[in-house]
1. Do you know which of the residues in the stretch B:152-183 that are surrounded by fewer than 22 Cβ atoms within 10 Å (Cβ to Cβ) and within 20 Å of B:GLY108 (Cα to Cα) is farthest from the other protein chains (Cβ to nearest Cβ)?
2. Can you tell me which residues in the stretch B:198-212 are open to solvent by less than 30 Å² (accessible area, probe 1.4 Å) and either over 17 Å from B:THR224 (Cα atoms) or of a type in the set (Ser, Thr, Tyr) (or both)?
3. Only residues that are of a type outside the set (D, E, K, R) and within 12 Å of the chain's Cα centre (by Cα): list them for the stretch A:12-35, please.
4. Need pairs with beta-carbon distance below 9 Å; first residue away from every other protein chain (no Cβ under 12 Å) and within the stretch B:195-207, second assigned to a helix (DSSP H, G or I); sequence gap 6+ or separate chains.
5. Quick check, is B:ASP32 open to solvent by less than 10 Å² (accessible area, probe 1.4 Å) and among the charged types (D, E, K, R)?
6. Is one or more of the residues making up the stretch A:109-131 open to solvent by 10 Å² or more (accessible area, probe 1.4 Å), in contact with a Ser or Thr (Cβ under 9 Å, 6 or more places away or on another chain) and within 12 Å of another protein chain (Cβ to nearest Cβ)?
7. Across the stretch A:132-151, what is the number of residues that are open to solvent by less than 10 Å² (accessible area, probe 1.4 Å) and over 16 Å from A:ALA36 (Cβ atoms)?
Protein chains: 2
Amino acid sequence: MIPRTKKRVEVCFSPNLYNLHKDDFEIVVVIDVLRATSAICTAMHHGVKSIIPIASLEEAFSYKKKGFIVAAEREGEIVEGFKFGNSPYAYMDPAFKGKTIVMTTTNGTKTINVAKKDSKTIVVGSFLNMDVLSNWLIKQDKNTLLLCSGWKDKFNLEDTLCAGAIAEMMLDSLKFESHEDSSIAAKYLFISAKSNYLGYLKSSSHRRRLKKLNLNKDIIYCLTPNQTPVIPILKNDTIVNLQLNKKKVSKPVLKAKSKK
Amino acid sequence: MIPRTKKRVEVCFSPNLYNLHKDDFEIVVVIDVLRATSAICTAMHHGVKSIIPIASLEEAFSYKKKGFIVAAEREGEIVEGFKFGNSPYAYMDPAFKGKTIVMTTTNGTKTINVAKKDSKTIVVGSFLNMDVLSNWLIKQDKNTLLLCSGWKDKFNLEDTLCAGAIAEMMLDSLKFESHEDSSIAAKYLFISAKSNYLGYLKSSSHRRRLKKLNLNKDIIYCLTPNQTPVIPILKNDTIVNLQLNKKKVSKPVLKAKSKK
């Protein structure tokens, strides 16, 4: 039997290093566990129709003037002049069902905007949609970059653990391989953290930052794997739910209630 | 008793991320385990007087024309037109005693040149001088950045393990603390690797790269901690041995033979 050439799955630790990696990949998974990509998954799960990820506050104010629902977060807090930030709990509100939300955050939406400059398939990953996303990525069978949003371009631990978890599942399928040291490190870190994410992250910089802001509830939610089957994907600069689009279902299917 | 404010020791994974970190630190330790900073430590140990680290091959050819001893490595191999690269074994030659060597390498000397643009104290670290260097850094009691050279600006595992080892010693002194997630990750990786560096690095990209070039002997040497008490330091764009300068000893003291 002729050995099959495996596709690559690699981890990039920061949007600042994206240019060094990008040429080798067809699919980019943007990860910002605390909290942008967790909020996006939650919003899609609760029926938000689409999310427009923007990089700057200037754009945010401009969209607000035009009458859009706009969410804006910087340094973990809602920006003055806006009602919503990137807390996933905000997007569970049924009032958002079927609506479009414009969103700008310190790291996650910035990273999506960095990645979208190339004509890649861009999907949104978090612990919340980890298994469904990994299985979808395995089915695509394309070179995949797991792009951590980090904290202001620096490495962060929670995004790396999530990337390590997704990489591990993809490698376990035996259809993928990793060449980069960043991928090996992410996998090692995930393996030593997986029995207790919260404890492992107790000294991480962003957990300390959010804890100060009394956001421990958000942290616990964002670190709980597999709470939704959504796969948010960027289409024409707008994030929509790929699963919904494919299945033409009018509302998201809750995993626990799913019959099929 | 008034609590003492601890100094910081942090790990930066790549010269590409140096600008995000640099403002907080007075001392920068440049690490390129495979092989530039290991070669520099070895050269100093065997009596080389000084090393001029340069970034480009253009400069290397220009120094060669002027009659300097010039070492040039790219992608793990000696550059055509030069006799030496960055194999530590080359610098054990007694012929180099008291001499000045000009050196350019893919990652390590480039990183030194990135860091030297600020007026920091720059020292050279590797597994070979790990304990002596860590103790010296603890004595300095200054904010210290452990700067990994990586591989062409990407994260690499062996530099991170060395940085994690040095950070761990400094943190154990209780005089230092780490805030960055990169430092926490480096420490976690070091702790899980320390019983068997070679095994841990078996799938690392640079180990594979050097193994292909039959450089396994170099790898084993570079991963063996504490083979020399030298502390190479940058003074006026030239690396000299700090310990020698301080003690005014005319030749390096071999650790095993040292009486004092």
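1. Within the stretch B:152-183, the match that is farthest from the other protein chains (Cβ to nearest Cβ) is B:LYS152.
2. Start the filter on the stretch B:198-212 by keeping residues that are open to solvent by less than 30 Å² (accessible area, probe 1.4 Å), which leaves B:199-201, B:204-207, B:210.
Scanning the stretch B:198-212 gives B:TYR200, B:SER204, B:SER205.
3. Applying the first criterion (of a type outside the set (D, E, K, R)) to the stretch A:12-35 yields A:12-21, A:25, A:27-31, A:33-34.
Listed by number, the residues that qualify are A:VAL28, A:VAL29, A:VAL30, A:ILE31, A:VAL33, A:LEU34.
4. If the second residue must be assigned to a helix (DSSP H, G or I), the pairs left are B:TYR197/B:PHE127; B:TYR197/B:GLU158; B:TYR197/B:LEU161; B:LEU198/B:ARG207; B:LEU198/B:ILE219; B:LEU198/B:ILE220; B:GLY199/B:ALA193.
5. Details: open to solvent by less than 10 Å² (accessible area, probe 1.4 Å): yes; among the charged types (D, E, K, R): yes.
Against the criterion (open to solvent by less than 10 Å² (accessible area, probe 1.4 Å) and among the charged types (D, E, K, R)), B:ASP32 qualifies.
6. No, the stretch A:109-131 contains no residue that is open to solvent by 10 Å² or more (accessible area, probe 1.4 Å), in contact with a Ser or Thr (Cβ under 9 Å, 6 or more places away or on another chain) and within 12 Å of another protein chain (Cβ to nearest Cβ).
7. Going residue by residue through the stretch A:132-151, those that are open to solvent by less than 10 Å² (accessible area, probe 1.4 Å) are A:133-134, A:137, A:144-150.
With the extra rule that they be over 16 Å from A:ALA36 (Cβ atoms), the set shrinks to A:134, A:137, A:144-145.
Of the residues in that region, 4 qualify.
Listed here are the residues, each with its yes/no results for (1) part of a loop (DSSP other than H, G, I, E, B); (2) modelled with pLDDT of 70 or more; (3) charged (D, E, K, R); (4) more than 18 Å from B:SER126 (Cα to Cα).
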residue	(1), (2), (3), (4)
B:SER195	yes, yes, no, no
B:ASN214	yes, yes, no, yes
B:ILE220	no, yes, no, no
B:ASN226	yes, yes, no, no
B:ILE233	no, yes, no, no
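The values are calculated or read from the model by the stated rules, or taken from the named source; none is laboratory data. Only a predicted model underlies this, so the values are computations on that prediction, with no experimental measurement involved. Positions of Cβ are backbone-derived with ideal geometry, glycine not excepted, and every protein chain shown enters the neighbour counts. These accessible areas exclude ligands, DNA and RNA; they are computed on the full protein's heavy atoms, side chains included. Shrake-Rupley method; radii C 1.70, N 1.55, O 1.52, S 1.80 Å.
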